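Here the structure is laid out as structure tokens; the discussion comes afterwards.
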Amino acid sequence: MAKKIRILLAKPGLDGHDRGAKVLARCFRDAGFEVIYTGCHNTPEQIVNAAIQEDVDMVGLSCLSGAHTYLYPEVVQQLKDRGVTDIPVVGGGIIPDRDMQPLYDAGLKAIFTPGATLDSIVEWINTNIAAKE
Amino acid sequence: MLFTQELLDQSSLLRKKWEDEVKRVVSKNPDQKADWSTVSDLGIKRIYGPEDIGGMDFEKDIAYPGQFPFLRGCQATGYRGKYWTFRMFSGMGTAVTTNERWHYLLNNGQTGLSTAFDFPTLMGYDTDSPKAKGECGKCGVAIDTIEDFFDLTKGIPLGKVSTSMTINPPATILWAMYCATADIQGIPLTQLSGTIQNDMLKEFIAQKTLMCPPEPSVKLISDTIEFGTKYVPKWNTVSISGYHIREAGATAVQELAFTLRDGMEYVEDVIRRKGLPVDSFAPRLSFFFNSHIDFFEEIAKMRAARRIWSRGMRERYGSTDERSWWMRFHTQTAGCSLTAQQPYNNVVRTATEALAAVLGGTASLHTNSLDEVLCLPSDHAVQIALRTQQIIAEETGVCNTIDPLAGSYFVEALTNEMEEQAWDYIHKIDELGGMVAAIEKGFPQLEISDAAYKFQRQIDAAEKIMIGVNKYNVENEEVDIPLVEIDETVEQEQLQRLAAVKRNRDSKRVKECLEDIKKACEKGENVMPYCIEAVKARASVQEICDVYREVYGEYRDPGIY
Amino acid sequence: MEELGKRALTGDIRAVSRLIRNIEDQVPNTHEAIKHIFPFTGRAHVVGITGAPGAGKSTLTDQLICSIRAKNKTVGVMAVDPSSPFTGGALLGDRIRMLRHADDPGVFVRSLATRGAMGGLSKAVGDGIHVLDVMGKDVIIVETVGVGQQEVDIINHAHTVLVVLVPGMGDEVQAIKAGLMEVADIFIINKADREGARKLYKETLSMMDMGKFPSGWRPPIVMVESNLEPHSFAKSVDELYEKIQEHYKFLYDNNLLQERAQLKVQTEINDALRSAILEPVLNKLIETGEFDQMVQKLLKKETDPYTLADEVAAKYLIK
Ligand code: B12
Ligand SMILES: Nc1nc2c(ncn2[C@@H]2O[C@H](COP(=O)(O)OP(=O)(O)OP(=O)(O)O)[C@@H](O)[C@H]2O)c(=O)[nH]1
Ligand SMILES: [Mg+2]
């Protein structure tokens, strides 16, 4: 049996800061994960549909524009609305401390901000995201 | 030959002695590390001497400021005549809020304006588009119609202050708003000075505010260049930007090469498409570079940039007007060199980077604020950043003399090396069929993304140092600085403003104007005059962009990495 | 597992994607679900799209989805990208080109990694097609990894195989000669904006003139306009879709669908036997440590691979 961790990496909203997302996509490949990167300018609907069709183990959102306060909870909510509660959503970017708790309350499983090492992110995934049973 | 044979012989003798001494010392006290390289991974030697630059030709390669090849600057008088323009990039929330910030900066001694737009504006959407939800005012000022523009420029003497606008796909529209506003105030277009960024090639490569495919995007840029050349002669119609390329992860050489090749692409396009002689428009092309943390590499890069451009203009395009050979550029310190950790350290980084930009001969400068990694700059943080420039200009004495590092063995050698490597890239892109073709093949994107990934790994492995991130970290640091917050009320307010404008305008007239723009697009006419009419009629940014999208098609992020 | 199969039959998207996931991960008992859905398969028109890396396969698929949807037909896509041989990870980069269809309930897109499979596909493609088929997709597009001439497994799965050629790839025409020629039902000259497109067209044409077409279908060559000119691109892909439909009709009218189906079932029984017979034996050998012992024996030259294989066969296979 050859289980693999599959990750959807997406940039919701109008943000175009994709340096971090692209670095992460490569890093995930090198960590042995299968990565579906959907690029910039995704709507929450597109992300949710992609996550479902790809049956991923995790959705990773990267937004540096400040619109995370709306977009991240929106993705989690739309997943819920579609009956999906077993795909964890993880976010990163410029997230001020004041927004952390509200985002966790909204259902995000982890949040990584500038300075987070690639190794620490991979390690978090390896310990917290089991490939689907 | 810069040096006599006698001197070179002497040098080589002394050098040998020095090398022996180094060997002796190193065998007992090894160097701290094996690899000594720039932040871009360019290897640097322990020492440079006459032999490293002996092959240079003083007249052809160095000369004086205001003389070809402009290595030492375009202006004969350097900063004695005028400091660089202190130009802080700013924009937040509504036009009214941003206008307040502008006045604050001008009152603090800023000498030029620079506009940051919010994401919906940057991408050609109105605040009431579903795609804009959650983004209004967050990263810059929200502009939907010319009414917002009136608020933005309230109390600003448009005929006197030069204003730069960081806007790309909708550049025609925002510039049209600027021109229309001036026109309504009775200020002749010939008096306006400023810059629209309007550089789509680097959008595909690095910044990703995308709208239409490359080909029509370049066409719209050529429209503005043509319009500016004819009617707004003091305006810089394109700011060919390396800043974004660098921030996306490029090395200094990549920034240099891709930016200059972008510039050449525009030159070639205007000549081909508009049939304008090169010297009729090239003097108004301006550039925009990054000033990163590696001090000498940045200085060398800027000096090399001037020399490459003048050589390229003269040799590749047969330009004969000196003003076309001048590479004038704005600089911004490197956002990506700053840290969220121990944010006050950012003041030091920015000061160092700003100093490099000044020694590199920038014509205009933005200095990042210490809260760069956390939020849009607060009043206090932006004031420190502005003061940094003023201190460099008026206290440090670095402006006393022009290009003080010229003749340094190291700086000249590094300048030469970077120029050489840049030309290699430029020729490679020529072979690929030019920059548009290279972008379609993903060439610059892949080069940059390789560099970005490598750098991130180097940071993770502490092979390159970022204080506070991978060295001298503070555990459980409490960052206690005020963070700017753009809350959701801004969006509500802006939605109401837009709704009011749409209610009160003559919608039949708007329709006609949009129809005119569509026809101009289809016929390949210059869209600028039609845009000016349309914005006067209160057509919105998105309404005009929708016409572009309809005629030219929409371009989506191909996600090449 | 059977439950998952049942739900897939109703078009339940989560069940479909989970089922494909289980096939990929080779989760035990997934075969139960396939057994359940197998009787309902065979409805969809399966279109394969193959060609060199970066030839524009995904971009074409994206536009083809538009053409197919315009005819009110539903589409399933399986897009395969290579796994890294070093880390086992993969960048699945096809979906990004098709993102605009993400909100369309008539379109289902799934990215797969090769996970070591040769031949340009993932092992999950065969059964994956069944799943998309029974969920009710009318047309199933399978995008292979960017291939050379050897990787043509797609022929075993698709009714219609599109081979995408682009100008300026040098030995492209050699590759056609070497293998792709046999599998192509339609040739596409893509990126017609690039220099050399006309020339490539002519070369391909003259090669066709030398070819033999026992079935009576002479693969047409379709020039597709640049995707950077969205309007003409759309128009030429509409034409491509017409050719694809023509091909399907040709197969149908000439009773050739059966022949294609035969290729597929042959592959399937092959794979099924492998997983029913060979894999369990191999697993057993690995589990008991016998495999390692055999390796050691071979290293010491105490025996040879064939003798070992005979011994294993004698022990595990009931003659
Ligand atoms: C580089 C940069 C740019 C580049 C982007 C190049 C590119 N293609 O990415 C350029 C110059 C083009 C740019 C432009 C703009 N920028 Co900018 N930019 C930055 C900068 C300096 C660094 C971002 C970066 O790439 N860091 C390096 C990467 C590797 O780090 P990262 O993305 O943060 O990712 C790390 C973590 O956050 C985390 N992470 C991130 N995402 C995810 C996702 C998952 C799933 C996980 C697990 C982890 C994770 O892991 C990564 C590794 O540690 C930041 C400030 C800063 N220093 O952070 C401003 C910043 C993000 N930019 C900003 C702004 C305003 C803009 C503009 C809108 C300006 C304007 N009005 O024109 C434009 C818009 C451009 C666009 N289309 O998006 C603001 C945003 C303000 C806010 N959110 O409140 C910032 C914060 C600067 C500031 N203080 O003003 N920018
Ligand atoms: N100039 C030009 N470029 C095109 C055309 N069609 C696609 N491209 C570009 O070619 C690149 C590769 O396209 P894809 O559709 O990803 O190619 P692919 O064959 O699916 O690639 P792989 O799946 O990686 O093998 C993209 O950058 C496309 O934008 C075209 O007609 N003309
Ligand atoms: Mg593809």
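Coordinate-derived values only; no laboratory data. As the structure is a prediction and not an experimental result, all values here were calculated from the model. Reconstructed Cβ throughout: ideal geometry from the backbone, glycine too, with neighbour counts over all protein chains shown.
Under 13 Å from the Cα of A:K80, which aspartates and glutamates turn up, not counting those fewer than eight places away in the same chain?
The reachable aspartates and glutamates, counting only those whose Cα sits under 13 Å from A:K80, are A:E45.
Would you grab the residues whose amide H sits under 5 Å from the one on A:G16? Only those 5+ places off in sequence or on another chain, please, with H modelled 1.01 Å from N.
none
In segment B:63-172, which trypsin sites (Lys or Arg not before Pro) fall in coil by DSSP and have 12 or fewer other Cβ atoms within 10 Å? Don't skip to the end; give the middle numbers.
Working: sites: B:R72, B:R80, B:K82, B:R87, B:R101, B:K131, B:K133, B:K138, B:K154, B:K160; in loops: B:R72, B:K82, B:K133, B:K138, B:K154, B:K160.
Here the trypsin sites (Lys or Arg not before Pro) that fit, given the DSSP loop and packing criteria, are B:K82, B:K160.
What is the fewest-to-most order of B:Y555, B:Y243 by other Cβ atoms lying within 10 Å of their Cβ?
On the way: B:Y555 22, B:Y243 29.
In order of increasing Cβ crowding within 10 Å: B:Y555, B:Y243.
Excluding residues fewer than 8 places away in the same chain, name every one of the aspartates and glutamates whose C-alpha is closer than 16 Å to that of B:K219.
Counting by Cα, and skipping residues close in sequence, B:K219 has these aspartates and glutamates nearby: B:D199, B:E203, B:D262, B:E265, B:E268, B:D269, B:E522, B:E525, B:E550, B:E554, C:E229.
For C:H36, A:H41, which order do you get if you count the other beta carbons within 10 Å of each Cβ and list the fewest first?
Details: C:H36 18, A:H41 23.
The order, fewest Cβ neighbours first, is C:H36, A:H41.
Evaluate E = 1/(1 + (r/R0)^6) for C:E239 and B:Q496, where r is the Cβ-Cβ distance and R0 equals 45 Å; express this FRET efficiency to the nearest 0.05.
Working from the Cβ atoms, E equals 0.40.
Report the FRET efficiency, 1/(1 + (r/R0)^6), for C:A261 and C:E2, where r is their Cβ-Cβ distance and R0 is 25 Å, rounded to 0.05.
Working: r = 25 Å, r/R0 = 0.99.
About 0.50, to the nearest 0.05.
Filter the GluC sites (Glu not before Pro) in segment C:265-319 down to the DSSP loop ones having no more than 14 other Cβ atoms within 10 Å, then list what survives.
Details: sites: C:E268, C:E287, C:E290, C:E302, C:E311; in loops: C:E302.
Here the GluC sites (Glu not before Pro) that fit, given the DSSP loop and packing criteria, are C:E302.
Which of the GluC sites (Glu not before Pro) found in segment B:347-398 are loop residues per DSSP with 12 or fewer other Cβ atoms within 10 Å of their Cβ? Walk me through the intermediate numbers first.
Numbers: sites: B:E353, B:E372, B:E394, B:E395; in loops: B:E372, B:E395.
Qualifying residues, ordered by number: B:E395.
Given R₀ = 25 Å, FRET efficiency for B:D151-B:E512 by Cβ-Cβ distance, to 0.05?
0.45
Within a 10 angstrom radius of each residue's Cβ in C:94-107, how many Cβ atoms of other chains show up on average? Whole number is fine. Walk me through the numbers on the way to the answer.
On the way: counts 1, 9, 13, 4, 2, 13, 3, 2, 12, 5, 1, 1, 0, 2.
Shielding by partners across C:94-107 averages 5.
With an 8 Å cut-off on Cα pairs and a minimum separation of 6 or more residues, tell me the relative contact order of chain C in percent.
On the way: 490 pairs, mean separation 55.4, N = 319.
About 17 percent, as a whole number.
Distance between Cα centroids, segment A:30-104 to segment B:68-116: provide it in whole Å.
39 Å
How far is it, in nm, from the label point at B:K160 to the one at B:W18 when both lie 7 Å from their Cα along the line to the Cβ?
The answer from the label model is 5.3 nm.
Taking 18 Å as the cut-off for C-alpha to C-alpha distance, list the pairs among B:K508/B:K536; A:K11/B:K208; C:K6/C:K137; C:K71/C:K243; B:K160/B:K202; C:K71/C:K137 that go past it. Mind dumping the intermediate values first?
Values: B:K508/B:K536 13 Å; A:K11/B:K208 12 Å; C:K6/C:K137 16 Å; C:K71/C:K243 14 Å; B:K160/B:K202 30 Å; C:K71/C:K137 13 Å.
Distance filter (> 18 Å) returns B:K160/B:K202.
For B:K502, go through the aspartates and glutamates and keep the ones whose alpha-carbon is under 13 Å away, minus same-chain ones fewer than eight residues off.
B:D126, B:D128, B:D144, B:E147, B:D148, B:E543
Could you please state, rounded to a whole Å, how far the C-alpha centre of segment B:315-355 is from the C-alpha centre of segment B:453-506?
The two parts, judged by their Cα centres, are 21 Å apart.
Need the C-alpha centroid separation for segment C:230-247 versus segment C:79-97, integer Å.
When both Cα centres are located, 28 Å separates them.
Quick one: which residues, 5+ away or cross-chain, put their amide H under 5 Å from the amide H of B:S291? H built at 1.01 Å from N.
B:Q332, B:T333, B:A334
From the phi angles alone, apply the Karplus equation (6.51, -1.76, 1.60; θ = phi - 60°) to segment B:468-479 and give each ³J(HN,Hα) in whole Hz, x where the residue is Gly or Pro.
With the stated coefficients, segment B:468-479 comes to x, 9, 10, 7, 6, 5, 10, 5, 6, 5, 9, 8 Hz.
Give the average, rounded to an integer, of partner chain Cβ atoms located within 10 angstrom of each Cβ in B:137-144.
Mean shielding count: 2.
Hey, fewest Cβ within 10 Å first, where do B:K33, C:K199 land in order? Provide the component values of the computation, followed by the final result.
Working: B:K33 7, C:K199 13.
The order, fewest Cβ neighbours first, is B:K33, C:K199.
Could you sort out which of C:K57/C:K235; B:K131/C:K57; B:K274/B:K519 sit more than 25 Å apart by Cα distance in this structure?
In this structure, B:K131/C:K57 exceed 25 Å between Cα atoms.
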